[in-house]
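Quick notes on the structure that follows.
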Amino acid sequence: MSTIVSSQIKNKIKREEFHVQRKQEKNRLKKEIRLKRRKEEAQNPEKKAERLSKNIPKTLENTREFDETIVDPNDSEVREDIESDEFSAYFREGIAPKILITTSKRPSKAGYEFTSELVDVFPNSQFMKRESKYSIKQIIESCMNRDFTDVMIINEDRKIPNAVTLVHLPEGPTAYFKLTSIKLSREIDGHGRSSCHKPELILNNFNTRLGHTIGRWFQALFPHVPEFQGRQVATFHNQRDFIFFRRHRYVFKNKEKAELQEIGPRFTLKLKWLQKGIFDKDEEYEWIFKPKLETSRRRFFL
């Protein structure tokens, strides 16, 4: 007996009816299989555990291309690099971060609003209004004389913040991030108010040598010991080389359940280049993004 194909039915109404009937039949069979499986797993929980262990969806993250720079925590070479990198003083000597946040020349209202939010996010940070006569190098020299550990410059394009230049003092490195998807605290429905407590920090998926450097740098922007009574958490989540920032307050409802309230702001960063030393176009670049590096959708650098 030949199988009927919907494309062979000339009448449009009959063809649609046939398609609906076939779809309903497929759904009925799926439901029967699902109910049968549920009944079997209720009698034997081991079957459910076995099914879930095998049922792992394929994503771009877990099918990423192999990268030889992925960090192994037990690698002695990695530990030696960590002990001698630019941020070792923060972790070894307990130096407290001190950050200067400023803007590009002639900033817009949006630039001022975003820098105001960043001053609230990073403890021990200060905002300095930038005058047109000061270059980035002059700002960096002034900050080094005043014992700042980092300089953060918010760049704009057409009166919209679009990039962040981050400089670690006194020896570098310097990084340039593309800035997108900004949402201020007042634009978030049901947002909470921040307190003066030092937040806890969560860093996700900074797996390669480059990602490890960026992750340690973000860690060095916050004080060593968080104040847990504030119940505030700042999160940098790396997914496909996009770094998503969120800030929340958590509340424990009972021993097993907690609720989150977003404080804000939200924004997304994407690393464009990392340079050794302090901001200088002639300095050596440790890494720079080029379109030709994206040979596959499954190739990531952080």
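The values are calculated or read from the model by the stated rules, or taken from the named source; none is laboratory data. What you are looking at is a predicted structure, and each value in this text was computed from that prediction instead of being measured. We place every Cβ from the backbone using ideal geometry, glycine too, and count neighbours over all the protein chains shown. Just the protein is used for accessible areas: all its heavy atoms, side chains included, with ligands, DNA and RNA removed. Shrake-Rupley method; radii C 1.70, N 1.55, O 1.52, S 1.80 Å.
General remarks:
- Accessible area in square angstrom per residue, the chain, 1.4 angstrom probe: 65
- √(5λ) per eigenvalue of the Cα gyration tensor, segment 1-123, largest first, Å: 58, 30, 18
- If you wrap segment 126-226 in the convex hull of its Cα atoms and look at it from every side, the mean projected area works out to 8.8 nm².
- Evaluated at q = 0.16, 0.30, 0.31 Å⁻¹: base-10 log I(q)/I(0), Debye formula over Cα of segment 83-123: -0.58, -1.00, -1.03
- Over the chain, Cα pairs under 8 Å with separation of 6+ residues give a relative contact order of 17 percent.
- Debye log10 I(q)/I(0) for segment 95-176, one point scatterer per Cα, at q = 0.16, 0.22 Å⁻¹: -0.55, -1.05
- With every protein chain in place, the chain: carbon and sulfur % of accessible area (1.4 Å): 49
- Residue pairs, from the table K129/K281; K14/K39; K105/K198, whose Cα atoms sit over 26 Å apart: K14/K39; K105/K198
- Cα-based convex hull, segment 173-233, per residue volume (Å³, whole number): 135
- Estimated Rh, the chain: Kirkwood, alpha-carbon pairs, angstrom: 23.2
- With Rh defined as the Kirkwood radius, the inverse of the mean 1/r over Cα pairs, the Rg/Rh of segment 201-268 is 1.01.
- The HN-Hα couplings worked out from phi for segment 171-188 by the Karplus form 6.51 cos²θ - 1.76 cosθ + 1.60 (θ = phi - 60°) are 10, x, x, 10, 10, 10, 10, 6, 10, 9, 6, 7, 9, 6, 4, 5, 8, 9 Hz, whole numbers, x standing for Gly and Pro.
- Note on segment 1-60: the C-alpha convex hull projects to 7.4 nm² when averaged across all orientations.
- Amide H within-cut-off set for T208, under 5 Å, with H built and near neighbours excluded: V71
- Cα pair distances in segment 232-291, grouped into 10 Å bins until the bin that holds the longest one, percent each: 18, 30, 26, 15, 9, 1
- Ordering of 130-143, 164-177, 268-281 by packing [mean C-beta count within 10 Å, highest first]: 164-177, 268-281, 130-143
- ³J(HN,Hα), Karplus 6.51/-1.76/1.60, whole Hz, each residue of segment 90-102, x for Gly, Pro: 4, 7, 7, 9, x, 5, 6, x, 9, 10, 9, 10, 9
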